[in-house]
Amino acid sequence: MQRYSGFGLLTHSFSHHEHWQKIWRNPSPKKHYDVIIVGGGGHGLATAYYLAKVHGVTNVAVVEKGYLGGGNTGRNTTIVRSNYLWDEAAHLYEHAMKLWEGLSQDLNYNVMFSQRGVLNLGHTLQDMRDIQRRVNANRLNGIDSEALDARQVQALVPHMDCSANTRYPVLGASWQPRAGVARHDAVAWGYARAADALGVDLLQQTEVMGMMIEQGVVKGVKTHRYGDIHADRVGCVVAGNSSVLAQMAGFDLPLESHPLQALVSEPIKPILDTVVMSNHVHGYVSQSDKGDLVIGAGIDGYTGYGQRGSYPTIEHTVQAIIELFPIFSRVRMNRQWGGIVDTCPDACPVISETPVENLYFNCGWGTGGFKATPGSGHVFAASLAKGVMHPLAKPFSMFRFHSGALVDEHGAAGVAH
């Protein structure tokens with residue numbers, strides 16, 4: 001099994017309590033900031049870090065209604081990949097992948113990025129045609145990708161049932177060797193620590209109650225804890241609550257919010273050293289280095305904001321995994337949870353200016369948010385710093401739903417739901 005990159009090379013670790021205590025204590029907010037970022041998850045913290053480091057914009061506040069990394073960043077299933085079909089999405093996720101590959105060194109903090117590869121299984125002839133199409137598209141964009149047959153898949157994952165007797169036989173898969181997993185909460189804390197060191201204010205337990213807008217221009221945010229906080233620009237990166245903030249600003253976003261379900265098993269001995277995903281049986285699984293199986297793929301079929309487990313969805317996902325790995329049928333579940341994901345009709349994000357001047361939104365990532373974290377923050381920071389959308393962000397304007405220029409990754413990018 002490939003181990004985590006950079007392990008033992010960095011000077012800071014999870015036990016660096018003094019700095020944690022410093023971050024947990026809110027500073028006294030300033031009266032005015034160059035940029036306010038609403039949302040203290042991975043994307044928001046990454047945006048703050050790159051604003052300070054790359055663009056020299058340090059008069060920044062991250063405003064978080066709960067605690068840093070307490071939303072989807074700490075609730076995802078840690079997969080990182082860039083094997084998307086359409087050019088616009090592939091370029092954005094590959095930009096993130098390249099940042100992932102040096103992130104631990106950049107932050108001087110071990111985010112436990114492990115390039116153990118990702119398999120996207122094919123169970124029908126049409127699946128295999130789609131896989132070959134996506135592999136070819138990836139290669140044209142300089143992204144590592146291979147099409148494997150069933151024999152090669154079985155060699156990579158000996159414990160998976162690749163026989164011809166299953167309900168959904170494994171005919172092959174796409175394989176991205178550079179893909180893998182990272183430690184989700186470590187990403188949030190790494191960015192938080194680095195942004196804090198560069199002078200960014202991290203305001204936790206500070207809920208935004210409204211937007212300060214004058215003559216169509218945003219002037220700041222209203223908070224329940226510190227009252228009005230002024231800013232030249234405001235960037236909203238609040239995952240499943242984006243529609244709520246957009247309504248505060250007087251417009252709607254083309255989003256639906258759904259609870260996304262996941263679970264982990266009890267720890268078992270190492271048995272799976274890559275990530276296995278399947279659209280057809282509707283599930284994916286990997287194994288963490290402490291031994292638990294990390295399983296996910298199901299969104300609840302209703303709009304909701306409940307960050308909790310939904311047993312019918314979990315049961316469906318577990319059935320899918322046992323379809324692929326009968327050997328897991330007697331493994332016990334340890335815990336389950338839900339995170340709120342915003343989804344756009346084309347399964348791509350919104351990284352965009354809005355009808356309100358100087359107000360920007362980064363949302364709608366659906367199930368692709370974690371893997372995009374460094375790229376999303378890097379691109380959004382450049383857009384906020386300059387007031388002009390970064391070239392990689394331009395295809396993901398919210399106004400594409402008016403023009404019809406969608407980036408339709410739905411069902412095309414090896415996602416498992």
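The values are calculated or read from the model by the stated rules, or taken from the named source; none is laboratory data. All figures in this text were calculated on a predicted structure; none of them were measured in a lab. Reconstructed Cβ throughout: ideal geometry from the backbone, glycine too, with neighbour counts over all protein chains shown. Just so you know, the surface numbers come from the protein's heavy atoms only, side chains and all, with ligands and any DNA or RNA stripped out. Shrake-Rupley method; radii C 1.70, N 1.55, O 1.52, S 1.80 Å.
Miscellaneous remarks
- Residue count for the stretch 286-304, restricted to those that are of a type in the set (Asp, Glu) and either open to solvent by 60 Å² or more (accessible area, probe 1.4 Å) or assigned to a loop (DSSP other than H, G, I, E, B) (or both): 2
- Only residues that are modelled with pLDDT under 50 and open to solvent by 40 Å² or more (accessible area, probe 1.4 Å) were counted in the stretch 14-42, giving 6.
- Scanning the stretch 77-88 for residues that are part of a loop (DSSP other than H, G, I, E, B) and open to solvent by less than 30 Å² (accessible area, probe 1.4 Å) returns Thr77, Thr78, Arg81, Ser82, Asn83, Tyr84, Leu85.
- Those residues of the stretch 383-413 which are open to solvent by 10 Å² or more (accessible area, probe 1.4 Å), closer than 25 Å to Thr73 by Cβ and of a type in the set (Gly, Ala, Ser), in sequence order: Ala385, Ser397
- Tally, over the stretch 109-142, of residues that are farther than 25 Å from Ser286 by Cα, open to solvent by 50 Å² or more (accessible area, probe 1.4 Å) and not in a helix (DSSP H, G or I): 1
- Residues being touching a Pro at 6+ places or on another chain (Cβ under 7 Å) and either surrounded by 19 or more Cβ atoms within 10 Å (Cβ to Cβ) or free of Cβ contacts under 8 Å to residues at least 12 places away in the same chain (or both) - total across the stretch 228-253: 1
- Here Thr47, Thr73, Thr78, Thr11 are screened, and the one residue that is of a type in the set (Val, Ile, Thr) and at pLDDT 95 or above is Thr47.
- Being open to solvent by 40 Å² or more (accessible area, probe 1.4 Å), farther than 30 Å from Ser329 by Cβ and in contact with a Leu (Cβ under 8 Å, 6 or more places away or on another chain) is true of Arg225.
- Test: residue in the stretch 255-266 that is modelled with pLDDT of 95 or more and open to solvent by 20 Å² or more (accessible area, probe 1.4 Å): yes
- Residue list for the stretch 357-377, filter: open to solvent by 10 Å² or more (accessible area, probe 1.4 Å) and farther than 22 Å from Glu94 by Cβ: Glu357, Asn358, Tyr360
- Residue-level analysis places Ala164 outside the set of residues that are within 12 Å of Leu45 (Cβ to Cβ) and surrounded by fewer than 24 Cβ atoms within 10 Å (Cβ to Cβ).
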